1. Just one of LEU93, LEU98 is in contact with a helix residue (DSSP H, G or I) (Cβ under 9 Å, 6 or more places away or on another chain), modelled with pLDDT of 95 or more and outside any helix (DSSP H, G or I); which is it?
2. Could you please let me know if ALA66 is in a helix (DSSP H, G or I), open to solvent by less than 60 Å² (accessible area, probe 1.4 Å) and more than 16 Å from MET107 (Cβ to Cβ)?
3. List every residue pair whose Cβ atoms lie under 9 Å apart, where the two residues are 6 or more positions apart in sequence or sit on different chains, the first residue falls within region 15-27 and is within 16 Å of VAL59 (Cβ to Cβ), and the second residue, located anywhere, is aliphatic (A, V, I, L, M) and open to solvent by 30 Å² or more (accessible area, probe 1.4 Å).
4. Return the pair list, or none, for Cβ contacts closer than 7 Å from residues in region 239-265 that are farther than 21 Å from SER195 by Cβ and modelled with pLDDT of 95 or more to residues that are open to solvent by less than 20 Å² (accessible area, probe 1.4 Å) and not in a helix (DSSP H, G or I), at least 6 apart or on different chains.
5. Can ALA113 be described as open to solvent by less than 50 Å² (accessible area, probe 1.4 Å) and not in a loop (DSSP other than H, G, I, E, B)?
6. Mind checking which residues of region 203-231 are under 23 Å from THR176 (Cβ atoms), among the charged types (D, E, K, R) and either surrounded by 20 or more Cβ atoms within 10 Å (Cβ to Cβ) or touching an Asp or Glu at 6+ places or on another chain (Cβ under 9 Å) (or both)?
7. In region 160-202, what count of residues is obtained for those that are over 25 Å from TRP261 (Cβ atoms), basic (Lys, Arg) and open to solvent by 80 Å² or more (accessible area, probe 1.4 Å)?
Amino acid sequence: MVTVRAELKPKGPYSLRLSGRLASDATRVVADDTYRAVIRVEDRLERVHATQRIDGTIVVTAESDAGIDHIRFATGLEDDHSEFVRRFANDPLLGETLRQVRGLRPMRTGSVAQSLLRAVAGQLIQAKEARRIERRIVRKAAPALGDLHAAPTAAELARFSPAELARLGLGARRATALVRLCRSLDLEGLKTHPSRNVALRLNRERGLGPWSVGVICLEGLGRYEFGLARDLGLVKLMSAIRGRWVEAEESDELLAPYGEWAGLASVYLLHGFGRGLVPITHAAAA
C-alpha cells in the first residue's frame, strides 16, 4: 500500500482541537489534535489521518492524494478567516469570543448528501438525538472500512423509503423530504453555484428552512455567507438580549450585521454564548 504524507500550513488562525470538538460521526473520529476518517476514492475506500503539531502545521498521512484534498476541504485549512477576526474584534457580541477563541472553523462533511441528512435530522430535536439518527442512517447506507463508513452519497440515501428512514428514527415528514431531495437534486453540483443562488433554491424546498440551508452551506459546501439561522441557541441569546422570549425570526437580527461572514458569525456566537463570553447586559443596552 502506497502512503502519501503532506505537511499543510493553515491559512490564518486554526485549531484542530477546537474545530473538531463534537465533530466525530460515523465517517470520522476527531479527538484532541487528531483526525481520522474513511473516504471514498472512485470505487474503493481509503483511510486518512491528520494531526496538528504545536507549531500549527497539519501533518496528513493518506493512501492517495485524495486524502490530502479531503483534509484541506473537511477542515477548511485554506479558508482564511483572519479578515473576520480583524473586522469584528471590537464587536459588542463577538469581541470577547474572538479574543479568547480565534482558531475555530466549522468542520465540513464528506459529501453534500451527508450535510443534507444532518440538516434534516437536526430539525426540532436535541443535537445528541439528531447525531444518533444520522449515525444509524449512515451506517445503514454507506460502505465501511474498519470502524468507519464513507460519507453517504445522494444515490445511497435515495434508495431508502420514508418508512425505512422512519424506522431508523427520522420523523415521517423529514424522511419524505430527504428522499425527495436526494432523488431530485444534484446535491454535489450545488458546489458549482453561488451561495446566494443555492440558498434561494433550497429555501423553496418543502422540509427545509433557513437553519437547514445554513447547515448545508457551512458543512456541505464550505461557505460562510449563510449559517445556523434561527438555531435554538441563537433564539435563546436574542431572548436574553431582549429580556423576553422571541420568535425564531427575530433572531435573524443577530446575524444581519455580519454580511458575508454571517455563517461563521453564527458558529462563533453559539460557541461564545455557550461559554458565557457574550456580554448580554452590554448588548441589551446597546
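1. Working: LEU98 fails: outside any helix (DSSP H, G or I).
Every option except LEU93 fails the conditions.
2. Values: in a helix (DSSP H, G or I): yes; open to solvent by less than 60 Å² (accessible area, probe 1.4 Å): yes; more than 16 Å from MET107 (Cβ to Cβ): yes.
It is true that ALA66 is in a helix (DSSP H, G or I), open to solvent by less than 60 Å² (accessible area, probe 1.4 Å) and more than 16 Å from MET107 (Cβ to Cβ).
3. Here the result reads ARG17/ALA31; GLY20/ALA31, each pair linking region 15-27 to a residue that is aliphatic (A, V, I, L, M) and open to solvent by 30 Å² or more (accessible area, probe 1.4 Å).
4. From residues that are farther than 21 Å from SER195 by Cβ and modelled with pLDDT of 95 or more, the pairs are SER239/VAL246.
5. Values: open to solvent by less than 50 Å² (accessible area, probe 1.4 Å): yes; not in a loop (DSSP other than H, G, I, E, B): yes.
It is true that ALA113 is open to solvent by less than 50 Å² (accessible area, probe 1.4 Å) and not in a loop (DSSP other than H, G, I, E, B).
6. Passing the criteria: GLU219, ARG230.
7. Residues that pass the stated criteria total 3.
Yes/no matrix, rows are residues, columns are (1) among the aliphatic types (A, V, I, L, M); (2) more than 18 Å from the chain's Cα centre (by Cα):
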residue: SER19; (1), (2): no, no
residue: ALA31; (1), (2): yes, no
residue: ARG36; (1), (2): no, no
residue: ALA50; (1), (2): yes, yes
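The values are calculated or read from the model by the stated rules, or taken from the named source; none is laboratory data. It should be emphasised that the depicted structure is a prediction, and the values quoted were computed from it without experimental measurement. So basically every Cβ, Gly included, is an ideal-geometry build from the backbone, and we count neighbours across all protein chains shown. These area figures cover heavy atoms from the full protein model, side chains too; ligands, DNA and RNA do not enter into them. Shrake-Rupley method; radii C 1.70, N 1.55, O 1.52, S 1.80 Å.
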